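**Q** Have a look at the structure that comes next, please.
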Amino acid sequence: MRAYEDWVIEAESKGKKLSEVILEDQMEELEQTEQTLFERMNNNLKVMRGSVEAGLSGKRRSVSGLVGGDAAKVEERRKKGNNLVGMEISGAIAKALAVAEVNACMGKIVAAPTAGSCGVLPAVLLTVEEVCQSSERDIILALFTAAGLGMVLTERASVSGAEGGCQAEIGSAAAMAAAAAVELAGGSPRQTADAAAIAMKSMLGLVCDPVGGLVEVPCVKRNATGATIALAAAEMALSGVKSAIPIDEVIDTMGRVGKQMPCALKETAQGGLAVTPTGRRIQADFL
Amino acid sequence: MAKSNVFDLLGPIMVGPSSSHTAGAVRLGGMARKILGEEPVEGTIFLHGSFAKTGKGHGTDLALLAGLLGMLPDDERIPDAWKIAEERGLSVKYEVIDLGEVHPNTVKFDLKGKNGVHLQVIGSSIGGGTIVIGKINEYEVDIRGDYPTLVVLHQDLPGVVAQVTLLLATAQINIASMRVAREKKGAQALMILETDQTIDKAVLELLRKLPKIEQAMAIEPL
């Protein structure tokens, strides 16, 4: 079974970025050249940029009518310079909402790691890009770091809401985004592990309780809060704050908590917010 | 747990909102189209379980239809599938069905093609956009779209299987796996072969001309 720690040690000993170690691993695994893998990942990045842009325009509504237009509201307030949490965090919130709204409205997205959690990673990376003026190559590399952590999450736990609750979807996305953000901001391989662990720990136990079984409520807004948790975790790790519990143990914990979670709280729409009076009313009105 | 790669975690590129209910549904429609082997003109789409319950909000109905029209999961015209179906002369209706003990995300297609082929296909979306075709007409199958697949309906007589494999051997097509099933002795039978090489049109035409072969379909991998 893969361990993120193994990659951290390999990267440290070779003096490489974590993403470079993952890239080498995948060149061997997929029997493809570095250039091919870069191009494939660049395609993902292009689609991510496209969905941020499409979502911020705020024109689309979901089939149920519950989702759409919120990203544009946050972006509008932000553009007026009128915001509580600074341009970076408010920007990440707007971008995460944007991508998740595009998904809910049948627009084009990259599952990262799932469709329901597709807003977190692009929002965080494109925010760090603005802050650090990152190169395109470094952003693509950071996506490999995110995906590498995702592979460990899949193998040791799960990235499916039906198997592990929302902690497995938005939680995984936040951990992946935190690790990628640290690398993109110039942090060490060890710091990517700390950031991922801190983000994942903050999401443990989160249930998957979609109203009407749709990827809308509360999924879209959790993409935005997931992005802010990822940025907070990255900020801590970059400052030298360590996670007391190492990343692989945190991932194993997420898997175990997911198994202990009752079925009603794992994407069945039979618990949590889905069975509130309002949640039931929304379901009845729509279905 | 099978070994994953970076593009399992970042990807697929798809039209939302759900990998199982939208992207998987497009692929199921696409697979049914390939099995039919010609332009579908009429069909009934039977939705089972979660596809029936939450399908509307996930655009499952549109996604299945988009697949029947030959679209891929990242096609931004998926939300317009009804309009496109109308333009292309494909008329479908939807029904809810209970298929019993199958995966919750299961659909049954009853399709008619423009040259008169009529068949039924049952398939499930089993997570992350992965699909499996479980039934063609009355035959249990297990087609996942990983390999080029040849589906042959034929009469259950000695030598029929041999003439098919001989033809493939002559065409330098290697068989990766093979399954033969029949309704009853001497009646209609079904052969499913997964191959390492693509089965091109010429080979398929030759296959169709072999005696005792009723129907032959070549399905490219997804």
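**Q** Report yes if some residue within region B:58-72 is over 18 Å from the mean Cα position of the chain (by Cα) and either modelled with pLDDT of 90 or more or buried (at least 19 other Cβ atoms within 10 Å of the Cβ) (or both); otherwise report no.
**A** Start the filter on region B:58-72 by keeping residues that are over 18 Å from the mean Cα position of the chain (by Cα), which leaves B:58-59.
Next, only the ones that are either modelled with pLDDT of 90 or more or buried (at least 19 other Cβ atoms within 10 Å of the Cβ) (or both) stay: B:58-59.
So far as region B:58-72 goes, yes, one or more of its residues are over 18 Å from the mean Cα position of the chain (by Cα) and either modelled with pLDDT of 90 or more or buried (at least 19 other Cβ atoms within 10 Å of the Cβ) (or both).
**Q** Where residues in region A:129-178 are over 14 Å from the mean Cα position of the chain (by Cα), surrounded by 24 or more Cβ atoms within 10 Å (Cβ to Cβ) and away from chain B (no Cβ under 12 Å), which of them is farthest from residue A:215 (Cα to Cα)?
**A** Filtering first and then ranking leaves A:164.
**Q** Where the second residue is in a strand (DSSP E or B) and among the charged types (D, E, K, R) and the first is at pLDDT 90 or above and exposed (fewer than 15 other Cβ atoms within 10 Å of the Cβ) and lies in region B:165-188, which pairs have Cβ atoms under 6 Å and are six or more apart or on separate chains?
**A** Cβ pairs passing all conditions: B:176/B:194; B:177/B:194.
**Q** I've got another one for you. Could you tell me how many of the residues in region A:12-35 are away from chain B (no Cβ under 11 Å) and polar (S, T, N, Q)?
**A** 3
**Q** So residue A:214 passes all but one of these: (1) surrounded by 24 or more Cβ atoms within 10 Å (Cβ to Cβ); (2) modelled with pLDDT of 95 or more; (3) not polar (S, T, N, Q). Which condition number does it fail?
**A** Single failed check for residue A:214: (2).
**Q** State yes or no: is residue A:186 at positive phi, among the small types (Gly, Ala, Ser) and more than 12 Å from chain B (Cβ to nearest Cβ)?
**A** Yes, satisfied.
**Q** Looking only at region A:83-96, filter to residues that are farther than 20 Å from residue A:175 by Cβ and assigned to a helix (DSSP H, G or I); which one of those is nearest to the other protein chains (Cβ to nearest Cβ)? Reasoning before the result, please.
**A** Kept after step one, since they are farther than 20 Å from residue A:175 by Cβ, are these residues of region A:83-96: A:83-87, A:90-91, A:94.
Applying the additional criterion that residues be assigned to a helix (DSSP H, G or I) yields A:86-87, A:90-91, A:94.
Details: A:86: 28, A:87: 27, A:90: 24, A:91: 21, A:94: 18 Å.
The qualifying residue nearest to the other protein chains (Cβ to nearest Cβ) is A:94.
**Q** Does region A:67-86 hold any residues that are among the aliphatic types (A, V, I, L, M) and more than 22 Å from the chain's Cα centre (by Cα), and which are they?
**A** Let us first name the residues in region A:67-86 that are among the aliphatic types (A, V, I, L, M), namely A:67, A:71-72, A:74, A:84-85.
Within region A:67-86, just A:84 meets the criteria.
**Q** Restricting attention to region A:64-110, which residues are closer than 26 Å to residue A:279 by Cα, aliphatic (A, V, I, L, M) and in contact with a strand residue (DSSP E or B) (Cβ under 9 Å, 6 or more places away or on another chain)?
**A** Of everything in region A:64-110, those that are closer than 26 Å to residue A:279 by Cα, aliphatic (A, V, I, L, M) and in contact with a strand residue (DSSP E or B) (Cβ under 9 Å, 6 or more places away or on another chain) turn out to be A:99, A:100, A:102, A:106.
**Q** What residue, among those in region B:7-22 that are of a type in the set (Ser, Thr, Tyr) and at the interface with another protein chain (Cβ under 7 Å from one of its Cβ atoms), is farthest from the chain's Cα centre (by Cα)? Lay out the reasoning, then the answer.
**A** Going residue by residue through region B:7-22, those that are of a type in the set (Ser, Thr, Tyr) are B:18-20, B:22.
Now drop any that are not at the interface with another protein chain (Cβ under 7 Å from one of its Cβ atoms), which leaves B:18-19.
Numbers: B:18: 20, B:19: 18 Å.
This residue is B:18.
**Q** Also, quick follow-up: Please count how many residues of region A:75-93 are buried (at least 21 other Cβ atoms within 10 Å of the Cβ) and in contact (Cβ under 8 Å) with a residue 40 or more places away in the chain.
**A** Qualifying residue count for the region: 2.
**Q** Shifting gears a bit: Out of everything in region A:244-264 that is among the small types (Gly, Ala, Ser) and part of a helix (DSSP H, G or I), what residue ends up being surrounded by the most Cβ atoms within 10 Å (Cβ to Cβ)? If you could, list the steps in order and put the result at the bottom.
**A** From region A:244-264, those among the small types (Gly, Ala, Ser) are A:244, A:255, A:258, A:264; that's our starting set.
Those left that are additionally part of a helix (DSSP H, G or I): A:255, A:258, A:264.
Working: A:255: 18, A:258: 25, A:264: 14.
Only one residue tops the list, namely A:258.
**Q** If you don't mind, another one. Only one residue in A:175, A:115, A:147 is touching a strand residue (DSSP E or B) at 6+ places or on another chain (Cβ under 9 Å) and either under 30 Å from residue B:50 (Cα atoms) or not in a helix (DSSP H, G or I) (or both), so which one is that?
**A** Numbers: A:175 fails: touching a strand residue (DSSP E or B) at 6+ places or on another chain (Cβ under 9 Å); A:147 fails: touching a strand residue (DSSP E or B) at 6+ places or on another chain (Cβ under 9 Å).
From the options A:175, A:115, A:147, the qualifying one is A:115.
**Q** Does residue B:24 satisfy being modelled with pLDDT under 90, part of a helix (DSSP H, G or I) and of a type in the set (Gly, Ala, Ser)? Give the derivation first.
**A** On the way: modelled with pLDDT under 90: no; part of a helix (DSSP H, G or I): yes; of a type in the set (Gly, Ala, Ser): yes.
Against the criterion (modelled with pLDDT under 90, part of a helix (DSSP H, G or I) and of a type in the set (Gly, Ala, Ser)), residue B:24 does not qualify.
**Q** Turning to a different aspect of this structure: Got at least one residue in region A:210-217 being more than 21 Å from residue B:59 (Cα to Cα) and assigned to a helix (DSSP H, G or I)? Steps first, please.
**A** Start the filter on region A:210-217 by keeping residues that are more than 21 Å from residue B:59 (Cα to Cα), which leaves none.
No: zero hits.
**Q** Can you list residue pairs whose Cβ atoms sit under 6 Å apart, with the first residue in region B:88-115 being within 14 Å of residue B:135 (Cα to Cα) and the second being in a loop (DSSP other than H, G, I, E, B) and of a type in the set (A, V, I, L, M)? Count only pairs 6 or more apart in sequence or on different chains.
**A** B:106/B:99
**Q** Of all residues in region B:100-120, count the ones that are part of a loop (DSSP other than H, G, I, E, B) and modelled with pLDDT of 95 or more.
**A** Here is the first cut: in region B:100-120, the ones part of a loop (DSSP other than H, G, I, E, B) are B:100-104, B:114-117.
If we keep only those that are modelled with pLDDT of 95 or more too, we end up with B:114.
Number satisfying all stated conditions: 1.
**Q** Has region A:8-28 got at least one residue that is at pLDDT 95 or above, assigned to a helix (DSSP H, G or I), out of contact with any helix residue (DSSP H, G or I) (no Cβ under 8 Å at 6 or more places or on another chain) and buried (at least 17 other Cβ atoms within 10 Å of the Cβ)?
**A** no
**Q** Just one of A:243, A:172 is over 25 Å from residue A:267 (Cβ atoms) and among the hydroxyl-bearing types (Ser, Thr, Tyr); which is it?
**A** Among A:243, A:172, only A:243 is over 25 Å from residue A:267 (Cβ atoms) and among the hydroxyl-bearing types (Ser, Thr, Tyr).
**Q** Just one of B:161, B:152 is under 17 Å from residue B:204 (Cα atoms) and either in the same structural domain as residue B:39 (by TED's automatic domain parsing) or part of a strand (DSSP E or B) (or both); which is it?
**A** After applying the criteria, what remains is B:152.
**Q** Same structure, new question: Taking the condition in contact with a Leu (Cβ under 8 Å, 6 or more places away or on another chain) and of a type in the set (Asp, Glu), does residue A:252 pass?
**A** no
**Q** Would you pick out the residues in region A:222-243 that are surrounded by fewer than 19 Cβ atoms within 10 Å (Cβ to Cβ) and more than 20 Å from residue A:131 (Cβ to Cβ)?
**A** Correct list: A:242 only.
The values are calculated or read from the model by the stated rules, or taken from the named source; none is laboratory data. As the structure is a computational prediction, the values presented were derived from the model and not from experiment. Don't worry about glycine lacking a Cβ; one is built from the backbone with ideal geometry, like all the others, and counts go over all protein chains shown.
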